[in-house]
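To start, the structure itself, in structure tokens.
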Amino acid sequence: MQYVRIFCFFFLVVLVRLHAQSPTEANYDESKVPPYTLPDVLKTTRNLDVRTKKTWERVRRPEIVKLFEENVYGQLPKTFDRLTYSIKRNVSAMAGKATLKEVLIEVVRNQKVVQINLVLFIPAKRKGPASVFLLINNRGKENTDPTRAHKSDFWPAEMVIDSGYAIAAFHVSDLAPDDTVSYVNGALQLYPEQLIASNGMRAIGAWAWGASRVLDYFEKDSAINARKVAIVGHSRGGKAALWAAAEDQRFAMCFSNCSGNTGAALSRRRFGETISRINTVFPHWFAKNYKRFNNNEDALPVDQHMLLAAIAPRPLYVTNASKDLWADPSGTFLSLKNASRVYALYGFKSNLPANPPAINQPIINSPLGYHIREGEHNLTAYDWINFIKFANLHYKK
Ligand code: GTR
């Protein structure tokens, strides 16, 4: 009898432990958010206060980017042997409203090639080179259908063209298939040394790297204004969009939709998805070093407000959805609020309210924009309408 009891006890312990790792166990109770202290975005690792944009740019910003490389996303390789491109199609589209370009971008290093298939619509009516929204597509390829037989609000090309912007997309699978095994079959073939390094790039880094290569292409396309490229991503794509914008200051604007954990949301709140869960379910997304912070958030030398701050002073728009608690809307808003101290160094006042705004009340007139949309985790027409409003206002400023 005694043995049976002991067995049952251990069986229960095992069950409870397994359950603790399941998403249903995630904390959704604000009162259970543990006390935490965020690393000070305006204090250098040598404990110096950052009071000017000069010190921010020369000391603290590079320090923060390095800390994210080391501990979270891995290094982002900057060199390769060559980048070439060929225009596969260049035709009138959308009843004459746009030009469709399908571009094959090839990046070579050490005789290895990565191919990025870019879909690009450019408005026919425009004064000079077009500003462009570039989406990192982490969903089905049909969402960015060049033939427009399939239309999707995930990438509403017609709406964006009607607003006077170019719209482009590439698929994450060209850079790193979103899979625990095959993610190596893309950009990482060019950089095999990254696979051994504990601070080596993984899938999210590879997607961000790809976004920068597309920007390299835009610099060669006279129809595009390469100084007005907005990077857009949803969820895991939204994490990559933030990382791309933080690393590559050529991106003029960033839109990070429902990006959640290791995106725009603060990790230390442990609300919804956690570092341990993301590293367990998606071991191929972040650097090996990041796993050291599983259930150990307070040991991280950064939190996600510092990633947002690294995008300053460029306009940044972040979103949530009311039913997407997994992505921690409150922690996302707090992260933005904390990043605003860096925008202030540039004299940019964020118009973010003290508390999160009501549902469907976008904050556009602020270099750090935000909305929480009614509904589920998704990238929708509502989100894009507000991205366009935000871009209209901030490109004009
Ligand atoms: C979830 C993941 C999130 C987010 C999301 C998505 O499963 O936990 O971090 O990336 O997928 O990309 O839609």
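Read-outs throughout are calculated quantities, based only on the coordinates presented, and are distinct from any laboratory measurement. Please read all numbers here as calculations on a predicted model, not as lab measurements. Cβ: placed from backbone, ideal geometry, glycine included. Neighbour counts: every protein chain shown.
Under 12 Å from a point placed 7 Å out from the Cα of residue 104 along the Cα-to-Cβ direction: which residues of segment 136-170 have their backbone N that close?
Residues passing the 12 Å test: none.
Of all beta bridges DSSP finds with both residues in segment 70-218, what is the antiparallel percent, to the nearest 5?
Restricted to segment 70-218, the bridges split so that about 80 percent are antiparallel.
For segment 39-394, give the magnitude of the charge dipole about the Cα centre (Cβ charges: +1 Lys/Arg, -1 Asp/Glu; no others), in debye to the nearest 20.
The calculated dipole for segment 39-394 is roughly 880 debye.
Using just the alpha carbons, could you tell me how many Å³ per residue the convex hull of the chain encloses? Don't skip to the answer; put the middle values down first.
Numbers: hull volume 64.4 nm³, N = 397.
Expressed per residue, the convex hull around the Cα atoms of the chain is 162 Å³.
Using helices alone, I'd like the mean residue ellipticity at 222 nm for the chain: each DSSP H run of four-plus residues gives -39500 (n - 2.57), total over residue count, nearest 500.
Computed ellipticity for the chain at 222 nm equals -8500 deg cm²/dmol.
Only Cα pairs under 8 Å and at least 6 apart count here; give the relative contact order of segment 268-369 as a rounded whole percent. Don't skip to the end; give the middle numbers.
Working: 100 pairs, mean separation 28.0, N = 102.
Computed over segment 268-369, the figure is 27 percent.
Please say if segment 338-397 is rounded, prolate or oblate, where rounded means a/c under 1.5 for a ≥ b ≥ c the square roots of the C-alpha gyration tensor eigenvalues, and otherwise the choice is prolate for a/b larger than b/c and oblate otherwise? Mind dumping the intermediate values first?
Numbers: a/c = 2.53, a/b = 1.44, b/c = 1.75.
Since a/c reaches 1.5 but b/c is at least a/b, the shape of segment 338-397 is classed as oblate.
Please list 3J(HN,Hα) in residue order for segment 80-91, calculated via the Karplus relation 6.51 cos²θ - 1.76 cosθ + 1.60 where θ = phi - 60°; whole Hz, with x for glycine and proline.
So the Karplus estimates, Gly and Pro as x, are 7, 7, 7, 10, 10, 8, 9, 8, 7, 8, 8, 9 Hz.
Please list the helices of the chain that count as membrane-span-like by this rule: a mean Kyte-Doolittle hydropathy of at least 1.0 together with Cα atoms stretching 18 Å or more along the helix axis, each helix being a complete DSSP H run.
2-20
Eight or more residues apart or on different chains, and alpha-carbon atoms under 26 Å: count the Lys pairs in segment 259-397 matching that.
10
Give me the Å³ per residue figure for the convex hull around the C-alpha atoms of segment 111-177.
Hull volume over Cα atoms, normalised by residue count, gives 101 Å³.
Antiparallel as a % of all DSSP beta bridges within segment 39-394, to the nearest 5?
Working: 28 of 56 bridges.
Here the antiparallel bridges make up roughly 50 percent for segment 39-394.
Percent relative contact order of segment 39-394, based on C-alpha pairs within less than 8 angstrom and at least six residues apart?
Relative contact order for segment 39-394 comes out at 16 percent.
At a temperature of 4 °C and a viscosity of 1.567 mPa s, determine how fast segment 241-397 diffuses translationally according to Stokes-Einstein, using the Kirkwood radius over alpha-carbon pairs as Rh; express D in µm²/s, rounded to the nearest whole number.
D = 82 µm²/s.
Given the Cα-Cα distance of residue 151 and residue 81 and 0.36 nm per residue of separation, how much length would full extension add, in nm?
Computed gain between residue 151 and residue 81 is 21.5 nm.
Setting aside same-chain residues fewer than 8 positions from residue 220, which aspartates and glutamates have a Cα under 15 Å from its Cα?
Straight-distance partners of residue 220: 102, 106.
Can you pull the three principal axis extents for the Cα set of segment 155-210, in Å, largest first?
Projected onto its principal axes, the Cα set of segment 155-210 covers 47, 18, 15 Å.
Determine, for each peptide in 199-210, 92-103, 248-259, 47-58, the mean count of other beta carbons within 10 angstrom over its residues, then list the peptides with the highest first.
Top of the packing list down: 199-210, 248-259, 92-103, 47-58.
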